[in-house]
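Shown next, in structure tokens, is the structure this report addresses.
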Amino acid sequence: MASSLLQTTVVGSYPQPDWLVDRKLLSKGVPRTRQREIWRVAEPWLEQAQDDATLLAIRDMERAGIDIVTDGEMRRESYSNRFATALEGVDIENPGKTVNRSGGFSVVPRIAGPIRRRGAVEVRDVEFLRKHTKRKIKITLPGPFTMTQQAQDDHYKDEEALAMAFAAAVNEEMKDLRNAGADVIQLDEPWLQARPDRAARYGVKAINRALQGIPGTTVVHLCFGYAAAVKDKPTGYSFLPQLEATSASQISIEAAQPKLDLGVLKDFSKTMMVGVINLGTDKVESPSDVAARIRAALKHVPAERLVLAPDCGMKYLTREAAFGKLKALAEGAAIVRRELS
């Protein structure tokens, strides 16, 4: 039985098997539009293959000892593009482009009309996950601010208006995901860090619209980008204390790889999901190393308000490294739990 203190989870993704995706192609960037050529399995059998990969991810998380599991995001080409490109008003056949976090250009969905949700996008994912594990389950969605930054807006011509439209669509999806059995629902909002000035104007407002009327545990995840793409990370966030004003019950932050000053945890009354696993290397931490990172966080936030996770999604790691790191996470948490008992 898992302790109620120092619960362990994953941010979202887990490595997809080589037989499911072309990992070399996957490593070339995080797709914003659809990139169907990533999949190695043809369409008639793809969903079945994704289901099988999801079962592998669930079982790995369970064997590692993780308390709150996800589906590993096995059905996604990226954390954001599956949901964003499923919405009405998004033209993926005639995409646009926008400046990415590295200062270059990315091909992105083009907003050609009003954003509306056509129907459930991830409900089956939650139903499948709920059916195949007895543990608490979490599902993730791209946040409205981040989707706004990853689009060319030819319709609203107003970033805040677009963000609020995305937020309304996310809110509808979240209600259905909760009804489908999700214990935890997380919004991925890495672009709050990349565009702090815009985030200050409407980031919290859009997030709160997305979370409006959603009961239970909700999380906002903030990071500096995948370790596979961003090697040198700052030791502090440009946008973080502002998230105390969101209605989310938890805030998820990356802390291990950037060696974040954990004093920022004092700014929050919310539960904090803190990254204690460095995804910048395939080297697996020892449980004692993880325990030391947990103790460092406990200097600034009580155990009752601390959830433990890797820094970010594990999509770009080898499966061997990802499993080893999750096992170290669970064992490190167990060490500190024993010290607290």
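Which residues, taken from the stretch 110-146, are over 14 Å from residue 174 (Cβ atoms), among the aliphatic types (A, V, I, L, M) and either assigned to a loop (DSSP other than H, G, I, E, B) or over 15 Å from the mean Cα position of the chain (by Cα) (or both)?
111, 112, 115, 129
Checking residue 242 against (1) crowded, with 21+ Cβ neighbours inside 10 Å; (2) outside any loop (DSSP other than H, G, I, E, B); (3) not hydrophobic (A, V, I, L, M, F, W, C), which single condition isn't satisfied?
(1)
Taking residue 313 as meeting all but one of (1) part of a loop (DSSP other than H, G, I, E, B); (2) within 14 Å of residue 5 (Cβ to Cβ); (3) under 18 Å from the mean Cα position of the chain (by Cα), write down the number of the exception.
(2)
Identify all residues within the stretch 20-35 that are open to solvent by 10 Å² or more (accessible area, probe 1.4 Å) and either without any contact (Cβ under 8 Å) to a residue 40 or more places away in the chain or of a type in the set (Val, Ile, Thr) (or both); write none if there are none.
22, 23, 24, 25, 28, 30, 33
From the list 79, 14, which residue is modelled with pLDDT under 95, touching a Lys or Arg at 6+ places or on another chain (Cβ under 9 Å) and aromatic (Phe, Trp, Tyr)?
79 is the lone residue from the list that is modelled with pLDDT under 95, touching a Lys or Arg at 6+ places or on another chain (Cβ under 9 Å) and aromatic (Phe, Trp, Tyr).
Only one residue in 322, 255 is buried (at least 22 other Cβ atoms within 10 Å of the Cβ), part of a helix (DSSP H, G or I) and within 20 Å of the chain's Cα centre (by Cα). Which one?
Working: 255 fails: part of a helix (DSSP H, G or I).
Answer to the selection: 322.
Among (1) more than 30 Å from residue 93 (Cα to Cα); (2) in a loop (DSSP other than H, G, I, E, B), there is one condition residue 34 misses while meeting the rest; what is its number?
Unmet condition: (1).
Can you name the residue in the stretch 258-281 that is open to solvent by 20 Å² or more (accessible area, probe 1.4 Å) and in a helix (DSSP H, G or I) and, of all such residues, is nearest to residue 301 (Cα to Cα)?
266
Pick out the one residue from 214, 185 that is at pLDDT 95 or above, assigned to a loop (DSSP other than H, G, I, E, B) and closer than 16 Å to residue 247 by Cα.
Exactly one residue qualifies, and that residue is 214.
Which one is most open to solvent (accessible area, probe 1.4 Å), of the residues in the stretch 98-126 that are within 19 Å of residue 51 (Cα to Cα) and in contact (Cβ under 8 Å) with a residue 24 or more places away in the chain?
Going residue by residue through the stretch 98-126, those that are within 19 Å of residue 51 (Cα to Cα) are 120-126.
Now narrow it down to the ones that are in contact (Cβ under 8 Å) with a residue 24 or more places away in the chain: 120-123, 125-126.
Numbers: 120: 63, 121: 28, 122: 2, 123: 25, 125: 3, 126: 1 Å².
If we take residues in the stretch 98-126 being within 19 Å of residue 51 (Cα to Cα) and in contact (Cβ under 8 Å) with a residue 24 or more places away in the chain, then 120 is most open to solvent (accessible area, probe 1.4 Å).
Checking the condition in contact (Cβ under 8 Å) with a residue 60 or more places away in the chain, more than 30 Å from residue 135 (Cβ to Cβ) and surrounded by fewer than 23 Cβ atoms within 10 Å (Cβ to Cβ), which residue from 17, 95, 44 passes? Give the steps one after another, and end with the answer.
Values: 17 fails: more than 30 Å from residue 135 (Cβ to Cβ); 44 fails: in contact (Cβ under 8 Å) with a residue 60 or more places away in the chain.
That would be 95, the only listed residue that is in contact (Cβ under 8 Å) with a residue 60 or more places away in the chain, more than 30 Å from residue 135 (Cβ to Cβ) and surrounded by fewer than 23 Cβ atoms within 10 Å (Cβ to Cβ).
The values are calculated or read from the model by the stated rules, or taken from the named source; none is laboratory data. Nothing here was measured: the structure is a model prediction, and the numbers come from that model. In this analysis, Cβ positions are derived from the backbone assuming ideal geometry, glycine residues included, and neighbour counts consider all displayed protein chains. Accessible surface is based on the protein model in full, side chains and every heavy atom, while ligands, DNA and RNA are left aside. Shrake-Rupley method; radii C 1.70, N 1.55, O 1.52, S 1.80 Å.
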